[in-house]
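Structure in structure tokens, see below.
Nothing in this text is a laboratory measurement; each read-out follows from the coordinates by a stated rule. From a predicted model like this one, the values you see are computed outputs, not experimental measurements. We place every Cβ from the backbone using ideal geometry, glycine too, and count neighbours over all the protein chains shown.
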Amino acid sequence: MEDHYRTPFSLEDLSSHLHLSPYHISHLFKQITGITLSDYLIQRRVKEACLLLANTTKSIQEIASEVGGLSPSYFCQMFKKTKGVSPEKYRKSIR
């Protein structure tokens, strides 16, 4: 997961690669980490986005694409839900 958070995620692809059922992978992941695969991916992508917002001048669209091939609107929703502010406001607050 850590090596592939930047690519679009498919539980079916992961289950095929690991030769396990999607349900089993989801269940094990949550049992071990305490969070769902989806929540982990969101947290990891937002963490990377925070670094990019703080240390680059890349646009929101570029960052959305880089952290998971996301649409800018979905990325902004996900970021605001996680951080409580929009990516733009986050960038302004740390500069």
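Against the condition of a type in the set (D, E, K, R), over 22 Å from residue 92 (Cβ atoms), out of contact with any Asp or Glu (no Cβ under 9 Å at 6 or more places or on another chain) and not in a loop (DSSP other than H, G, I, E, B), how does residue 12 come out, does it pass?
yes
Going through 18, 53 one at a time, which residue ends up being hydrophobic (A, V, I, L, M, F, W, C), on the phi < 0 side of the Ramachandran plot and without any contact (Cβ under 8 Å) to a residue 40 or more places away in the chain?
Just one listed residue meets the conditions, 18.
Okay, moving on. For segment 28-35, indicate whether the set of residues that are part of a helix (DSSP H, G or I), in contact with a Ser or Thr (Cβ under 9 Å, 6 or more places away or on another chain) and either among the hydroxyl-bearing types (Ser, Thr, Tyr) or closer than 18 Å to residue 86 by Cα (or both) is non-empty.
So far as segment 28-35 goes, no, none of its residues is part of a helix (DSSP H, G or I), in contact with a Ser or Thr (Cβ under 9 Å, 6 or more places away or on another chain) and either among the hydroxyl-bearing types (Ser, Thr, Tyr) or closer than 18 Å to residue 86 by Cα (or both).
Could we say that residue 41 is out of contact with any His (no Cβ under 8 Å at 6 or more places or on another chain), assigned to a helix (DSSP H, G or I) and closer than 29 Å to residue 22 by Cβ here? Give the derivation first.
Numbers: out of contact with any His (no Cβ under 8 Å at 6 or more places or on another chain): yes; assigned to a helix (DSSP H, G or I): yes; closer than 29 Å to residue 22 by Cβ: yes.
So residue 41 fits the description; yes.
Scan segment 1-27 for residues that are among the acidic types (Asp, Glu) and either more than 23 Å from residue 87 (Cβ to Cβ) or surrounded by 11 or more Cβ atoms within 10 Å (Cβ to Cβ) (or both) and jot them down.
Within segment 1-27, 3, 12, 13 qualify.
Something else about it: Please work out if residue 73 is exposed (fewer than 14 other Cβ atoms within 10 Å of the Cβ), small (Gly, Ala, Ser) and assigned to a helix (DSSP H, G or I).
The answer is yes for residue 73.
Of the residues 54, 49, only one is within 24 Å of residue 94 (Cβ to Cβ), in contact with a Pro (Cβ under 9 Å, 6 or more places away or on another chain), of a type in the set (A, V, I, L, M, F, W, C) and in a helix (DSSP H, G or I); which?
49
Taking the stated definitions as given, is residue 67 touching a residue at least 60 places away in the same chain (Cβ under 8 Å) and surrounded by 12 or more Cβ atoms within 10 Å (Cβ to Cβ)?
Yes; evaluated as a whole, the condition is true for this residue.
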